1. Among the residues of the stretch 3-20, which ones are in a loop (DSSP other than H, G, I, E, B) and either within 15 Å of residue 116 (Cα to Cα) or free of Cβ contacts under 8 Å to residues at least 24 places away in the same chain (or both)?
2. Can you find a residue in the stretch 126-145 that is closer than 22 Å to residue 24 by Cβ, touching a strand residue (DSSP E or B) at 6+ places or on another chain (Cβ under 8 Å) and touching a residue at least 60 places away in the same chain (Cβ under 8 Å)?
3. For residue 152, only one of the following conditions fails: (1) assigned to a helix (DSSP H, G or I); (2) out of contact with any strand residue (DSSP E or B) (no Cβ under 9 Å at 6 or more places or on another chain); (3) under 24 Å from residue 9 (Cα atoms). What is its number?
4. Any idea how many residues of the stretch 15-52 are touching a helix residue (DSSP H, G or I) at 6+ places or on another chain (Cβ under 8 Å) and at positive phi?
5. Just to be sure, is residue 161 under 12 Å from residue 99 (Cα atoms) and either surrounded by fewer than 16 Cβ atoms within 10 Å (Cβ to Cβ) or at pLDDT below 95 (or both)?
6. Kindly establish whether residue 102 is under 19 Å from residue 59 (Cα atoms), touching a strand residue (DSSP E or B) at 6+ places or on another chain (Cβ under 8 Å), crowded, with 22+ Cβ neighbours inside 10 Å and modelled with pLDDT of 95 or more.
7. In the list 16, 58, 75, which residue meets the criterion of being modelled with pLDDT of 90 or more and surrounded by fewer than 20 Cβ atoms within 10 Å (Cβ to Cβ)?
């Protein structure tokens with residue numbers, strides 16, 4: 001896409017996002033993932049390198065090379081995706097579902113907040129081993145409390161405790177509305 005990947009936007013161009021930009025990008029991702037999940041598709045490799053920006057800076061979910069339909073009768077256990085964004089149940093070759101994408105989104109959200117590569121001081125394998133043992137990125141001190149809470153809900157070790165993308169989108173949209181109203185008041 002003309003705007004490139006969100007990974008490049010953050011890490012190659014060294015962009016630091018405003019709260020409104022961050023919320024808009026995160027909401028775009030949630031909308032795309034919500035659509036996939038409504039159609040029983042698990043992305044299985046959600047990360048900023050697979051999130052592309054169009055000319056209007058709308059973020060689109062891309063790279064469906066490892067995406068799969070969630071088979072109602074079968075169980076997915078194959079390890080697939082990228083270690084730094086991978087859910088512990090996937091790393092452990094345990095059965096997984098759409099909630100594995102929600103875990104990956106938590107890491108994407110952390111990346112949007114910090115503009116850092118997750119577990120950048122570790123090799124991908126070290127990061128995976130750490131995640132298996134409960135490691136998560138350090139919570140940023142400068143983030144909005146609702147974003148911190150969302151990250152923690154989305155990267156919960158127990159997949160069934162993670163929210164759906166619909167629930168996450170609703171929380172992000174509510175926060176974006178509050179933020180935009182606050183910015184409008186401050187501009188007058």
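The values are calculated or read from the model by the stated rules, or taken from the named source; none is laboratory data. Values in this document were obtained by computation on a predicted structure and should not be read as measured data. Cβ placement follows ideal geometry from the backbone for every residue including glycine, while neighbour counts extend to all protein chains displayed.
1. Listed by number, the residues that qualify are 13, 14, 15, 16, 17, 18.
2. No.
3. (3)
4. Total satisfying the criteria: 1.
5. Numbers: under 12 Å from residue 99 (Cα atoms): yes; either surrounded by fewer than 16 Cβ atoms within 10 Å (Cβ to Cβ) or at pLDDT below 95 (or both): yes.
Yes, satisfied.
6. no
7. After ruling out the rest, the residue left standing is 58.
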